[in-house]
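This report refers to the structure that appears directly beneath it.
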Amino acid sequence: MRVARTARRLGVHVIAVYSEADAGAMHVEYADEAVCIGPEAASESYLNIDAVIEAAKATKADAIHPGYGFLSENARFAEACSAAGITFIGPSAEAMRSMGDKATSKSVMEAAKVPLVPGYHGDDQTVETLARAAEEIGYPVLIKASAGGGGRGMRIVEKDGDFLDALESARREAMGAFGDDRVLIEKYLTTPRHIEVQVFGDNHGNAIHLFERDCSLQRRYQKVVEEAPAPGMHEERRAEIGNAAVAAAMAIDYSGAGTVEFIVDATDAGANGPFYFMEMNTRLQVEHPVTEYVTGLDLVEWQLQVANGNPLPLAQEEIALNGHAIEARLYAEDPARDFLPAPGRVIAFEMPNESADVRVDTGVRSGDDIAVAYDPMIAKVIAHGPDRDAAIAALDDALADLVCAGPTTNQAFLRRAITHPEFVAAALDTGFIGRNEKSLIDDREETLRPALIAASADVLRSRHDDAAKLAARGSEPGSPCSVPDAWRANMESREVFVFANGDVEMSVVVAHRGDGIYLELPDGSTARLPQDSPAGWKVYRSTNTQFAVFAGTQVRLDRVVALEQAAAQSGATGNLNAPMPGKIVSVTVSVGDKVTKGQTLLVLEAMKMEHAIKAPADGVIAEVFHKDGTQVEDGVELLRLEPLED
Ligand code: ADP
């Protein structure tokens with residue numbers, strides 16, 4: 001989507017590729033043309049070089065932009081493009097090869113006099129040599145897989161006695177992940193900042209930098225929040241680190257967009273501490289929008305210019321820094337469970353108000369699935385301001401406004417992170433999240449009560465709406481007898497709503513009294529509707545699961561309902577949905593059948609029990625969506641019932 005937007009603006013015809021799982025994806029819809037390149041598994045589609053090249057040939061594509069994942073740093077893919085006469089939008093295969101391996105890239109950088117972290121990156125991989133190197137560097141040390149990426153195959157070793165075990169396990173992980181168990185050893189910095197420099201080269205011998213980004217907010221060695229410029233960095237140091245990055249690009253005749261990553265020892269001087277080359281990414285990076293904001297440039301446009309053989313659009317001295325920008329990555333993951341990916345369906349996705357200072361990059365819409373097969377990133381929210389405080393405020397507002405109901409996400413976590421006093425004071429280092437984890441994770445107790453009130457009110461409201469619709473169709477429109485809310489004329493009534501949040505079940509007693517509806521909550525308190533409805537809470541629903549959302553915080557409440565009731569409820573508006581996942585044992589009606597209220601229409605088997613789905617009202621079967629034996633998900637529409645024509 002990111003690349004397609006710029007291409008479209010420049011009048012370039014856009015051809016997308018997609019896997020079978022992505023047939024309905026946003027980028028497929030947006031592109032001028034789209035080609036399916038294989039099944040869901042990335043290895044058979046997005047990583048399948050032959051399939052991508054075939055698609056390009058079939059559609060007569062002139063060039064391929066590889067994006068920022070999958071094949072974007074694959075030298076063989078770049079070669080396959082040129083062999084097919086297609087322009088690869090990126091650097092040469094040789095440049096990619098020399099930077100693709102951490103050990104090789106260090107040798108190249110050493111020759112170019114770019115400072116390296118004290119360490120060992122030699123070919124001799126014997127245990128004795130590696131152990132001796134660790135001893136000489138001095139503990140703590142970091143073992144890294146030479147072929148590494150994504151933090152895999154990385155081990156911190158605190159002391160001599162732990163080295164052999166750590167080496168063995170790093171090698172095992174590296175072999176499994178990359179099929180290559182070579183490692184290198186670095187001095188482990190205890191208070192590091194990750195500062196990287198955006199570089200650009202062309203095919204005319206020019207290379208420049210577009211300033212730095214600070215990506216020190218990380219979990220599991222992966223970035224979550226990035227900003228530009230690096231807070232606290234002096235002009236002089238900015239020029240030094242920028243020049244070192246340009247030297248790195250020059251050393252490999254770099255062409256296109258790239259990023260030189262440095263690790264800065266922030267112990268004494270913060271961003272101005274000593275910096276060391278870590279690795280170079282030979283592609284556009286996920287966090288490039290912060291650089292676009294502070295330079296006012298479109299980096300994808302530059303990539304297309306360079307790939308087209310044009311010189312860089314600007315010279316170094318023509319590029320200026322303007323203000324501050326911060327990006328937060330919204331992930332389908334659970335911060336409370338060590339950031340484990342949490343795939344699922346996005347029930348509702350609502351953008352914050354976009355403005356010149358707020359941008360959301362995403363390929364996800366309401367109704368899309370965050371698939372297990374791919375990266376769990378949902379969106380990037382980026383904000384810009386005249387200074388860092390303004391950027392933080394704008395980003396926080398945007399994160400509060402954005403709605404992503406459905407999967408568990410890190411949205412509330414991100415808000416807490418960027419408003420944390422340490423972050424606001426720019427006291428950054430890569431240990432920030434680990435150190436502050438407790439205070440960054442949602443306080444469940446605080447959000448549960450308003451969520452329960454909002455969810456209960458939502459059930460009552462939608463039940464009332466459904467009943468009104470049904471009554472309008474039935475023989476006695478408006479009769480209070482047809483409103484199934486336990487309402488009794490002149491009588492007080494009580495009913496219980498049971499909600500489950502994770503493993504915890506909670507009951508809300510709903511008391512309908514003469515003067516209104518009262519909710520008795522699990523904490524013993526009472527709330528009156530609508531007066532005590534918590535302000536700002538919105539509820540999104542998928543069958544019997546409700547997502548109560550407030551300013552970036554989401555509480556999932558699964559309503560535990562009796563099955564007959566569930567069927568009756570879902571049937572009230574004419575649709576009959578599966579109240580739970582199960583197998584259809586038999587469909588007892590066909591299209592056109594007249595049925596009477598209470599008649600069994602379909603039998604569903606779930607959790608080893610059979611459940612009859614009954615007609616909620618008299619009507620005609622308009623559609624039957626599934627056959628006997630079909631496995632259906634929770635909430636799937638089973639049949640459609642239409643009212644009888646008079
Ligand atoms: P990968 O390619 O697997 O992402 P990197 O070499 O880019 O690995 O390092 C990822 C992260 O690990 C860095 O951003 C930093 O937080 C941490 N890291 C890397 N090297 C060191 C080091 N020598 N000392 C302390 N932390 C480090």
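Is it the case, given these coordinates, that Ala568 is under 29 Å from Gly514 (Cα atoms), open to solvent by 40 Å² or more (accessible area, probe 1.4 Å), modelled with pLDDT under 85 and outside the structural domain of Ile453 (by TED's automatic domain parsing)? Yes; evaluated as a whole, the condition is true for this residue.
Name the pairs: first residue in the range 215-230 and near the ligand (Cβ under 10 Å from one of its atoms), second residue at pLDDT 95 or above and hydroxyl-bearing (Ser, Thr, Tyr), Cβ to Cβ under 6 Å, at least 6 apart or on different chains? Here the result reads Ser216/Thr430; Gln218/Thr430, each pair linking the range 215-230 to a residue that is at pLDDT 95 or above and hydroxyl-bearing (Ser, Thr, Tyr). Between residues in the range 9-37 that are farther than 28 Å from Gln305 by Cβ and residues that are loosely packed, with under 15 Cβ neighbours inside 10 Å, which pairs lie under 7 Å by C-beta distance while being six or more apart or on different chains? Note: pairs meeting the criteria are Ser19/Pro39; Glu20/Pro39; Cys36/Glu20; Cys36/Ala23. Where the second residue is open to solvent by less than 50 Å² (accessible area, probe 1.4 Å) and more than 8 Å from the ligand (Cβ to nearest atom) and the first is farther than 19 Å from Thr129 by Cβ and outside any loop (DSSP other than H, G, I, E, B) and lies in the range 145-161, which pairs have Cβ atoms under 7 Å and are six or more apart or on separate chains? Close Cβ pairs satisfying both conditions: Ile156/Pro140.
Here Ser98 meets the list (1) open to solvent by less than 30 Å² (accessible area, probe 1.4 Å); (2) in contact with a His (Cβ under 8 Å, 6 or more places away or on another chain) almost entirely, failing just condition (2).
From the list Gly205, Gly296, which residue is open to solvent by 20 Å² or more (accessible area, probe 1.4 Å), under 18 Å from Ala325 (Cβ atoms) and more than 12 Å from the ligand (Cβ to nearest atom)?
On the way: Gly205 fails: under 18 Å from Ala325 (Cβ atoms).
Going through Gly205, Gly296 in turn, just one is open to solvent by 20 Å² or more (accessible area, probe 1.4 Å), under 18 Å from Ala325 (Cβ atoms) and more than 12 Å from the ligand (Cβ to nearest atom): Gly296.
Taking the stated definitions as given, is Gly149 within 10 Å of the ligand (Cβ to nearest atom), under 22 Å from Ala248 (Cα atoms) and surrounded by fewer than 18 Cβ atoms within 10 Å (Cβ to Cβ)? Against the criterion (within 10 Å of the ligand (Cβ to nearest atom), under 22 Å from Ala248 (Cα atoms) and surrounded by fewer than 18 Cβ atoms within 10 Å (Cβ to Cβ)), Gly149 qualifies. When the range 181-202 is limited to residues that are more than 13 Å from the ligand (Cβ to nearest atom) and over 28 Å from the mean Cα position of the chain (by Cα), the one that is most open to solvent (accessible area, probe 1.4 Å) turns out to be Arg182.
Residues are listed down the side, and each one gets a yes or a no for (1) without any contact (Cβ under 8 Å) to a residue 12 or more places away in the chain; (2) crowded, with 17+ Cβ neighbours inside 10 Å; (3) of a type outside the set (Ser, Thr, Tyr); (4) not in a helix (DSSP H, G or I):
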site: Thr6; (1), (2), (3), (4): no, yes, no, no
site: Leu71; (1), (2), (3), (4): no, yes, yes, no
site: Ala80; (1), (2), (3), (4): no, yes, yes, no
site: Gly90; (1), (2), (3), (4): no, yes, yes, yes
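Kindly check whether there is at least one residue in the range 251-262 that is surrounded by fewer than 24 Cβ atoms within 10 Å (Cβ to Cβ), free of Cβ contacts under 8 Å to residues at least 12 places away in the same chain, more than 16 Å from the ligand (Cβ to nearest atom) and in the same structural domain as Gln411 (by TED's automatic domain parsing). So far as the range 251-262 goes, no, none of its residues is surrounded by fewer than 24 Cβ atoms within 10 Å (Cβ to Cβ), free of Cβ contacts under 8 Å to residues at least 12 places away in the same chain, more than 16 Å from the ligand (Cβ to nearest atom) and in the same structural domain as Gln411 (by TED's automatic domain parsing).
The values are calculated or read from the model by the stated rules, or taken from the named source; none is laboratory data. Remember, it's a predicted structure, so these values are computed and weren't measured experimentally. Cβ atoms come from the backbone with ideal geometry, glycine included; neighbour counts cover every protein chain shown. Protein only, heavy atoms only, side chains kept; ligands, DNA and RNA dropped before computing areas. Shrake-Rupley method; radii C 1.70, N 1.55, O 1.52, S 1.80 Å.
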